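Worksheet: one structure, shown below.
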Amino acid sequence: MELDGIDPSRIPAHVACVMDGNGRWASKRGLPRTEGHAAGEEALFDTVEGALDLGTKWLTVYAFSTENWRRPPDEVRYLMGFNESILVRRRDELNERGVRMRFAGRRDWRVPKRLLRQMDEAAALTEKNRRMTFTIAFNYGGRSEIVDAVKRLVAEGVKPDKVDEKAIRSRLYLPDMPDPDLMVRTSGEFRISNFLLWELAYSELVFTDVLWPDFRREHLFEAVREYQRRDRRFGAI
Ligand code: IPE
Ligand code: IPE
Ligand code: MG
């Protein structure tokens, strides 16, 4: 069985994924980078199914970072359209599966209005679902998220002696989201790339050489087995 060797009583409640390696997957095949992004869709939806199989309550994926605007305009434009089309084509099936969709990131002028509208519609359609919360980090940066939280603190006139971790956490993009237990990054890169900086403070990090378009639920299960071999101490002994 695929879930063999996984202890059902210690499933990570929140799994976060840095979906990386689409461009390299395409280049290896002599294809344009955008074909790698397109092939990442199957990986993403198989990962969603795997998370549902596991019973993970929260799944968060990094789809577009605040730094990804540095890419060539054609690739950026492709990613905007592609993400919009995924929402339009696949929100009903996610809804039928009991998945709540949410989005984390800056809604600035660079994100096309049509995409923002589809995000709002997908979130509204699925907001009552509770089997799993699937968060797409889009135009997301961990530093921006903290800056935005601090801006709100200042705007609300919070006094310095009232500034504590709770005050900052409650002003993050999704304050009710628990911190990830497990973060998986594909493509052999050993870095965070500005993903969930606050929230990853005590997450277990698992890195795999698999390129994102080749990632399937079995790779997720393997990451969970690795997670279950770790000893989480949170600073204690
Ligand atoms: C991840 O794959 C997708 C996004 C960042 C949008 P990349 O596009 O970063 O692929 P590589 O890392 O260049 O192979
Ligand atoms: C991180 O991947 C961002 C996403 C997966 C959306 P990148 O490919 O942008 O990260 P770097 O540039 O390798 O750090
Ligand atoms: Mg990359």
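So if each residue of separation counts as 0.36 nm, and I subtract the Cα-Cα distance between residue 69 and residue 229, what length gain in nm does that give?
Result: 53.9 nm gained on full extension.
Tally Lys/Arg at +1 and Asp/Glu at -1 over every other residue whose Cβ is under 10 Å from the Cβ of residue 225; what's the total?
-3
Please list, or write none, the aspartates and glutamates whose alpha carbon is within less than 18 Å of the alpha carbon of residue 159, excluding same-chain residues fewer than 8 places away.
In chain and number order, the partners are 148.
Set the bar at 32 Å for Cα to Cα. Now go through 57/113; 28/151; 113/151 and name every pair that lies beyond it.
On the way: 57/113 30 Å; 28/151 43 Å; 113/151 24 Å.
The pairs that break the limit, which is 32 Å between Cα atoms, are 28/151.
Just add up the charged neighbours of residue 120: K/R +1, D/E -1, any other residue whose Cβ is under 13 Å from the Cβ of residue 120. Walk me through the numbers before you get to the answer.
On the way: positive: 91, 102, 107, 113, 114, 117; negative: 84, 121, 127.
Local charge sum for residue 120: +3.
Taking K and R as +1 and D and E as -1, what net charge do the other residues with C-beta under 10 Å from the C-beta of residue 188 add up to?
-1
Taking the number of other C-beta atoms within 10 Å as the exposure measure, put 77, 217 in order starting with the fewest.
77, 217
Throughout, read-outs are computed from the coordinates displayed, never taken from laboratory work. Everything numeric in this text was worked out from a predicted model, so none of it was measured. Note: ideal-geometry Cβ built from the backbone for every residue, glycine included; neighbour counts use all protein chains shown.
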